[in-house]
Structure formats: C-alpha cells, structure tokens
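The values are calculated or read from the model by the stated rules, or taken from the named source; none is laboratory data. All values derive from a computational prediction rather than experimental measurement. With ideal geometry, Cβ positions are generated from the backbone for all residues, glycine too; neighbour counts draw on all protein chains shown.
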Amino acid sequence: MAHNRLKDNLIHGLFFLNGMLVVVALIGIFVLLVTKAAPAFKEVSLSQFLFSANWNPTATFVPASYGMKSMLVSTIFVSIGALAIAIPLGIGAAAYLSDVAGRRTREIVKPVIEILAGIPSVVIGFLGIVLVGPMIARVFHIPNGLNALNGSILLAVMALPTIISMSEDALNGVPKSFEEASLALGATKWQTLIRVKIPAALSGIIAACMLGMGRAIGETMTVLMATGCAIAMPKSFLQSVQTMTSTIAIELGEVPYDTTHYYALFGIGLVLFIITFVINMISDIALHRYERVIK
Amino acid sequence: MKRSIVVFLAASLVLFGAGLSWSEDMVQVKGSDTLINVVQKLAEVYMEKNPGASVSVTGGGSGTGIAGLINRKCDVANSSRQIKSSEVEQANNKGLDPKRVVVAIDALSIIVSSDNPVDKLTVDQIGKIYRGEVKNWSEVGGEDMAISLYGRQSNSGTYDFMKENVMFGEYSTSLKSMNGNAQIAESLKQDRSGIGYIGVGYAKEATGIKILKVAATGSTKYYGPLDSMDVKSGRYPITRPLNQYIDGMPKGAVKNFLVFELSSEGQAIVEKEGFFSVPDEYQNYNAQTLGTTGDIRDNSMMRPTDLDTNDGAG
C-alpha cells in the first residue's frame, strides 16, 4: 500500500517537473531576450528603435542607426497578406472536408495536407525564387517577383495545413443536434453550413487562423529567400521587403558580440517574441471560449 | 545480450578514438561565398593527392568566416575583404593572432541582364547607382527603365568592399540583399532592369547575363574583368585580393593545405575556376606569413604597397 503511494507520488512529481520545464524554458527565453536587448537602449531610445525606419548598423560613412519600423511594417505586410490568402482557402477547404467530401476523399486529402505541413521552409523558399517570383513578375508586368506578395503567397501555403486541420476539427466538434435542428427547420445544407456550423465553430476557427498567423510571423528562411530583402519602408505589396526574422538571420551570424548592433538584434527578437506571445494568447482564449460554447 | 553491449561499447570507443585522431588533421575552412567554389575545388584535389588529409569548406560570408576564426570554430577564414581593426582587436582579446594569406585575385564583375543595352559604366556611375542617386537606366545611357539594385547581405565581404572602394558611401535602402553570387546571377538573368556585382569566377560561368566594361574615370578607357593582363596590371579598376586568415604561423595540416593552394598547381586551379593567380608581390608576402622564407611579419594589416591594385584596405 505505502509502496504504491510512494510510486504515485514519484510519478506525479516527475510529470510535474516535466510540465514545469516548459514554463521555465519560456521564462528563461524571455529573461534572456530582455537582458540581452536592454543594453541597446542605452544608446538608442525605445521610440527611435520602434518608430524610426532607418536601419543601418554597419554604416561606415554615416553614423549607425537602429530603427526597426520598416521591418515591423514588412512583417505585418507579409503576414496579413498571407492570412488574406490562407483564411478563405483554409476555411473553404475545412468546410469541404467536414461537410461535403465523402469518406474516401477525406482519407486521401487529410494526409496530403499533413505532408504539406512537413515540407521544409527552405524548399518553399526555393519555389518562391524559381516559380512564384517569375509568375508574379509576368502577371503584374514588373521586372522581378522578389517582393512582399511572393512572401505572402508562400507563407499562406505554409499556414494552410494548420488552418485547415484545426478549422476542420472545430467544425466536426459542432454538436450534431445543431445541424439536425437546422435541417429540420427546412434549411438547405449550404445554409446550415454557413449560418449554423461556421458561426458555432467560429472561435475554434479564429484560434486556427491566429496559430497560422503565428507561424507566418515567425517564419524565416522562406521570407529571407523570396521577399528580396530590401530595408526600405514598404509602400506596396509589389516592393521588396525585409522582415524582422530575415534581419536577425542575416546579421546575427557576423555581428561582433556585445556591441549595440548585437543587442539591437536581440531587441528585434524580443519584439517578435512579444508579438507571437500575444497572438498565441489570443488564439488560446478564443479556443477556450469555443470549448465553453460547445459544452 | 551482455556481450553484444560490450562489443558495441568497444566499437564506439574505437570509432570515437579514430574520430578524435582524424579531427586533428581535419582542416575547417569557413567564410566568403566568393571563395567557396574555388577553395572547395582546391580541397578536393588536395585530398585526392593526400589520402588521409581532410579539408571541409563551408560558406556563410566573409564576416561569418572571420567571426568563426575568432570564436575558434574554424582553422581558416575565407574573406573577400581585409580583416577590420575591430576584428583584430577582438581576436587579440581572445589570444589569437590573425595572419593573412592571399590565395587569389578577383576582378569584381558588374553584371546586368543580357537584354540590357548598356555595356559600360564608370566607377563613379556605379557608385551613384548603388547609393541611389541614379535611379533610371536612361541617366547612364540606357533605356527609360527604373534600376533594380541587387547586392549582397551585410555579412558579405563583397558588400563591404563595394561600399568602401567603389561607392564611397552608404547603399540605397532599396538594395535587394541576396544570399550569394549565384543568386545575384540567377536574379539578373530574369530581371532586365537589374544590376549586380559578383566575383569574376561566377561571372564567367553564368549565362543570360552581360559583364560590363568599367572605366576608372570618365576620361579613361573601359576595360573588362576577363582579361588576365587588364586585371593584373590594374587597368580593370575593381580588383581585389581574396584572402584567407589563420591564427598565427600555421602548422601541420593547415600549413600543408595553404602551401598546396599557393603552389603552381594550386594556382592553376585558381585560374581554371575563373579567378586570377596571385602575383609575386603577394606570394612573397604569403611566404613570410607561412614562414617558408624570411621573417614573420608583425603586422597582419600590412600589405604590399608596390602592387597597383585596390586591396580593400579602404
């Protein structure tokens, strides 16, 4: 008896430690980012860092400048563009899979979508250079296709699996009684889907989209390869942009340690961390609300 | 069961030991994207001739290579620019003493799409284009078409070299930062409004692009980067030595590899890969760094002054 209790407690403790480890890692990353970024603000004011669009830390002929606004705007451009493409497609595909497709179709399509999620980002970036870029250039009659739109299209492809499978789960989670009641009242299948099922699953779908967006914002290799990486403030989707992740990836490799430039890159990392943290939190809240509604 | 575990442990110990002794002879080379192909080729031939020797070459950019040398992540740093005084200071603080060897000469090639009618520019015009002061091809004798700027990322030695020796100013913010020479060449094949700069070894291989002739000033003749005489005499205005940095006087495997690179056989490979062999002035300098003749030079920043090429000292 006592022996069993001891074993229970031990296992309980072990799982508790495992759970705590994740929390400790998260807090550790946050603390590291803050302490590494803080020294940057001795030389650069916070408002200049966030709201000036002039980033040139390796300047030799003018004083170095550390303003990340253009990267922040670029990241928002690319991510919003990706969502604008991925959300309608994703919800459409999820609705098709949950309500329209036959069992056999679903059994083929679902694994394919999961395979799509597993394609390495560098391969998608490569497609951006050799396939999507030239296509954009031809369609819009511009000299090259390395721009924000290219990044948006590729990130949409990468966010789709998350959005489709989570939205489909949400739609499947809507109680059968909702659907039956709607049909019994004389609504068509289409009306039931649009007016009953999607609204009922909305917070789950919102959570799916937010998670998809989280992935788009943090994605590095694809945008690094496909968006052209020009530091100028973006004015349109057909302009080359450099996102926050690209900047960190390009510059952290060679930056001398413990310089303002080094700290400023951690500053960008911190901003990125806060953005993705907030997005994940929103999606979590949305998901919980959804679970309550269904219950 | 037990026995198989013992065998496994013994085998892994032996392998581990072999790995250790092997890694002693392993030369890690890291850095410049401009140098990666030619050094890779040199390493291949060297390893073929010396069974048991092992050289691994990776890229990442000159800045990454020098940072790797400073952080002791590689034995040899490939660099298409000279080491900066801040980097020397960092290295000294870590107890390293960077020494420079010149392995090849590059004529940095200015390229455009083969559909672009422009076929020559002055150094001054190139500077104006990259600083963003000239924005349309019609201003430099081309069609009425906005110029798309292609360049390298800031961890590239070529990026710094252009800035400090050709542009004498900061890059325009609309510069597209490409990952390497090959990506610039590939982009220009598709973009007829583009201009880019790549090492001559890459320019010779690329298709669909045009290599521009360049004049030092508006009143001098235009020369191309392909002719060995024009480059070695300095008539082509944008030439530079391609360097390797090592810690102190090299020994053992590192030294053997460097000696091979600088031998006439190694230099023939350099020429075959499209770059130019190292002239005698630099070879004497190299011999001193390697300790094969004369005294080791104290100052790694010192460079031959009798060579009429711009070598990136700024």
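The residues of the range B:49-79 that are more than 9 Å from chain A (Cβ to nearest Cβ), out of contact with any Asp or Glu (no Cβ under 7 Å at 6 or more places or on another chain) and of a type in the set (S, T, N, Q), listed by number, are B:ASN50, B:SER56, B:THR58, B:ASN78, B:SER79.
Residue-wise test of (1) touching a residue at least 24 places away in the same chain (Cβ under 8 Å); (2) within 14 Å of chain B (Cβ to nearest Cβ).
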position	(1), (2)
A:GLY28	no, no
A:LEU33	yes, no
A:LYS36	yes, no
A:ASN56	yes, yes
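The residues in the range B:47-62 that are surrounded by fewer than 21 Cβ atoms within 10 Å (Cβ to Cβ) and within 25 Å of B:GLY180 (Cα to Cα) can be counted, and the count is 2.
Picking from residues in the range B:156-170 that are in contact with a strand residue (DSSP E or B) (Cβ under 7 Å, 6 or more places away or on another chain) and either farther than 16 Å from B:ILE110 by Cβ or within 11 Å of chain A (Cβ to nearest Cβ) (or both), the one that is surrounded by the most Cβ atoms within 10 Å (Cβ to Cβ) is B:GLY157.
Output the residues belonging to the range A:135-155 that are of a type in the set (A, V, I, L, M) and in a helix (DSSP H, G or I).
Residues satisfying the conditions are A:MET135, A:ILE136, A:ALA137, A:VAL139, A:ALA148, A:LEU149, A:ILE153, A:LEU154, A:LEU155.
Tell me, yes or no, whether the range B:115-133 has at least one residue that is aromatic (Phe, Trp, Tyr), more than 24 Å from B:GLY208 (Cα to Cα) and within 24 Å of the chain's Cα centre (by Cα). No, because not a single residue in the range B:115-133 is aromatic (Phe, Trp, Tyr), more than 24 Å from B:GLY208 (Cα to Cα) and within 24 Å of the chain's Cα centre (by Cα).
Of all residues in the range B:220-248, those satisfying the criterion of being within 16 Å of the chain's Cα centre (by Cα) and part of a strand (DSSP E or B) are B:THR239, B:ARG240, B:PRO241, B:LEU242, B:ASN243, B:GLN244, B:TYR245, B:ILE246.
Here the condition is being buried (at least 19 other Cβ atoms within 10 Å of the Cβ) and of a type outside the set (D, E, K, R); of A:ALA181, A:ALA84, A:ALA93, A:ALA101, it holds for A:ALA93 alone.
When the range B:115-132 is examined, which residues are found to be within 14 Å of chain A (Cβ to nearest Cβ) and touching a helix residue (DSSP H, G or I) at 6+ places or on another chain (Cβ under 8 Å)? B:ASN116, B:GLY127, B:TYR130, B:ARG131, listed by residue number.
Restricting A:VAL62, A:VAL132, A:VAL122, A:VAL73 to those that are part of a loop (DSSP other than H, G, I, E, B), surrounded by fewer than 23 Cβ atoms within 10 Å (Cβ to Cβ) and in the same structural domain as A:MET210 (by TED's automatic domain parsing) reduces the list to A:VAL62. Among the residues of the range B:173-198, those identified as more than 14 Å from chain A (Cβ to nearest Cβ) and at pLDDT 95 or above are B:TYR197, B:ILE198. With respect to being assigned to a helix (DSSP H, G or I) and under 16 Å from the mean Cα position of the chain (by Cα), B:ASN165 fits the description. Restricted to the range A:242-266, and to residues there that are hydrophobic (A, V, I, L, M, F, W, C) and at the interface with chain B (Cβ under 10 Å from one of its Cβ atoms), the residue that is nearest to the chain's Cα centre (by Cα) is A:ALA249. For the range A:1-32, the tally of residues that are modelled with pLDDT of 95 or more and either touching a helix residue (DSSP H, G or I) at 6+ places or on another chain (Cβ under 6 Å) or not in a helix (DSSP H, G or I) (or both) stands at 0. From the list A:ALA226, A:ALA201, A:ALA208, A:ALA249, the one residue that fits, being within 23 Å of A:ILE129 (Cα to Cα), touching a Ser or Thr at 6+ places or on another chain (Cβ under 8 Å), among the small types (Gly, Ala, Ser) and assigned by TED's automatic domain parsing to the domain that holds A:ALA137, is A:ALA249. The single condition among (1) at the interface with chain B (Cβ under 10 Å from one of its Cβ atoms); (2) in contact with a Leu (Cβ under 6 Å, 6 or more places away or on another chain) that A:PHE237 does not meet is (1).
Filtering the range A:27-54 to residues that are over 26 Å from B:THR173 (Cα atoms) and surrounded by 16 or more Cβ atoms within 10 Å (Cβ to Cβ) leaves A:LEU33, A:LYS36, A:PRO39. Answer yes or no as to whether A:ILE217 is under 13 Å from the mean Cα position of the chain (by Cα), away from chain B (no Cβ under 14 Å) and in contact (Cβ under 8 Å) with a residue 24 or more places away in the chain. Considered against the rule, which asks whether it is under 13 Å from the mean Cα position of the chain (by Cα), away from chain B (no Cβ under 14 Å) and in contact (Cβ under 8 Å) with a residue 24 or more places away in the chain, A:ILE217 comes out as yes. For the range B:171-219, the strands (runs of 3 or more DSSP E) that sit wholly inside it and include 2 or more residues that are surrounded by fewer than 21 Cβ atoms within 10 Å (Cβ to Cβ) and outside the structural domain of B:VAL38 (by TED's automatic domain parsing) are B:209-211, B:213-215. Applying a threshold of 7 Å to beta carbon distances and a minimum spacing of six or more residues, or different chains, the list of pairs starting in the range A:230-251 at a residue that is crowded, with 21+ Cβ neighbours inside 10 Å and ending at one that is among the basic types (Lys, Arg) reads A:ALA230/B:LYS176; A:SER240/B:LYS176.
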